[in-house]
Amino acid sequence: MNAGRAESVAVGFVTTLRRAGLEIPLASSLLYVDSLAATGLADADQVYWAGRATLVHRPEDIDIYDQVFTAFWSGAPVPVEMTVDRLPVTVALDDPDEPESSDDRAETESADTIAVRYSAVETLSEKDFADYTAEELDEARRLMKRIRLVGPTRSSRRVRPSGAVQGPLDLRRTVRGALRSGGEPMRLHRRTRRRRPRRLVLLLDVSGSMESYARALIRFVHAAVAGRTRVEAFALGTRLTRLTRELSSRDPDRALRAAAAAVADWNGGTRLGDGLREFNDEWGCRGMARGAVVLVMSDGWDRGDPEVMAEQMARLHRVAHRVIWVNPLKSSPGYAPLAQGMAAALPHVDVFMEGHSLESLETLAAVVLDQEASR
């Protein structure tokens, strides 16, 4: 069929459909032209389905398409601005903790409507914690349970059988197998070291400058402590407070109440250097931080001596496997680590990243697991 003839007929038919009330984008019109050029105009069924497949995008438009097709191709007058029955759209907000009742479902199914549901997950993922409402904090707490904070693994002193063809020889299993075959070693058995997860230590700054972020990050710390083993949690303010026992409860409300009661200097001053020195002296350098992944969640504002901060961070960096500093202010436009505490600590940090939103915490979980980034 001549391409010019197909284009002329297609343009006339599409124009008629648009006058009848159908919404036909340009891309569909061009596709219809190609379809007519391929099928030709001799077979009415092929012409019908060429237009039906390319020009009709909603079930409620089929009746109008049929009427216009019959009138256009038979030469009869086509009614202009035909009524198109539109389905009303109902927007519903989903509550993940509240199942839909049978009465609501029946009401929706009995009405001739299209239900469009909206989820707050994507809305909250990029929102700054400082802008959260109390309701959004509760929602974020539920979402944080899905973030699996799994640390990297390390070699253990214990060994296990290995199916590899290379590696240390498992002499005991090899000899035992040889005894079963008349003293001839038919197979050389190998062994390899077991791997176990590294300890994860979280140090959360609960000073006044971190108040808007600490109320969200404490929920993240609780999810990490309650969700896995070998996790230790501390609060950093004017003094150091261990929170592992208080946050170990799987009931989030009970755990947060216990943590709030344990931290006497919540929303107070900041002496990060002195807090890190107490951690190193009492816990970190005595074994807790050795070979561990240490997360410091703070904005870096410190009222203490920056030399103390630098010294204690250097001590922590020497014994830890990796030190990750999570600063919620890093996402601010034009941010620079100019605070004296942050500037003193930064040379002894392996990974410096932001932690102001759910999306950034998901990135943090991936960074903690990434063994390639370890030093």
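The values are calculated or read from the model by the stated rules, or taken from the named source; none is laboratory data. Just so we're clear, the structure is a prediction, and the values are computed from it rather than from any experiment. Note that we place each Cβ from the backbone using ideal geometry, even for glycine, and neighbour counts take in every protein chain shown.
Summary of computed values
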| item | result |
| --- | --- |
| Only one of 328, 333, 337 that is closer than 30 Å to residue 139 by Cα, in the same structural domain as residue 218 (by TED's automatic domain parsing) and either in contact with a helix residue (DSSP H, G or I) (Cβ under 6 Å, 6 or more places away or on another chain) or buried (at least 24 other Cβ atoms within 10 Å of the Cβ) (or both) | 328 |
| In the stretch 13-52, the residues that are aromatic (Phe, Trp, Tyr) and surrounded by 15 or more Cβ atoms within 10 Å (Cβ to Cβ) | 13, 32, 48 |
| Cross-chain or 6+ apart pairs with Cβ under 9 Å, the stretch 22-40 first and free of Cβ contacts under 8 Å to residues at least 40 places away in the same chain and assigned by TED's automatic domain parsing to the domain that holds residue 11, then acidic (Asp, Glu) and buried (at least 17 other Cβ atoms within 10 Å of the Cβ) | 23/61; 33/7; 36/7; 37/7 |
| Enumeration of residues in the stretch 204-216 that are under 15 Å from residue 296 (Cβ atoms) and either over 22 Å from the mean Cα position of the chain (by Cα) or part of a loop (DSSP other than H, G, I, E, B) (or both) | 205, 206, 207, 209, 210 |
| Of residues in the stretch 289-325 being out of contact with any helix residue (DSSP H, G or I) (no Cβ under 7 Å at 6 or more places or on another chain) and crowded, with 19+ Cβ neighbours inside 10 Å, the one farthest from residue 236 (Cα to Cα) | 321 |
| Which numbered condition residue 349 fails, given (1) touching a Pro at 6+ places or on another chain (Cβ under 9 Å); (2) closer than 29 Å to residue 132 by Cβ | (1) |
| Residue count for the stretch 217-249, restricted to those that are closer than 20 Å to residue 358 by Cα, at pLDDT below 85 and either in a loop (DSSP other than H, G, I, E, B) or among the aromatic types (Phe, Trp, Tyr) (or both) | 1 |
| Candidate set from the stretch 2-12 (those that are out of contact with any Ser or Thr (no Cβ under 8 Å at 6 or more places or on another chain) and among the aliphatic types (A, V, I, L, M)); member that is surrounded by the most Cβ atoms within 10 Å (Cβ to Cβ) | 6 |
| Contacts under 7 angstrom Cβ, first residue in the stretch 166-190 being hydrophobic (A, V, I, L, M, F, W, C), partner part of a strand (DSSP E or B), 6 or more apart | 169/190; 188/169 |
| Any hit, the stretch 164-186, residues being touching a Gly at 6+ places or on another chain (Cβ under 9 Å), at pLDDT 75 or above and loosely packed, with under 14 Cβ neighbours inside 10 Å | yes |
| Residue among 291, 273, 269 that is touching a residue at least 40 places away in the same chain (Cβ under 8 Å) and under 15 Å from residue 203 (Cβ atoms) | 273 |
| Qualifying residues in the stretch 326-345 (those that are over 27 Å from the mean Cα position of the chain (by Cα) and not hydrophobic (A, V, I, L, M, F, W, C)) - the one nearest to residue 236 (Cα to Cα) | 341 |
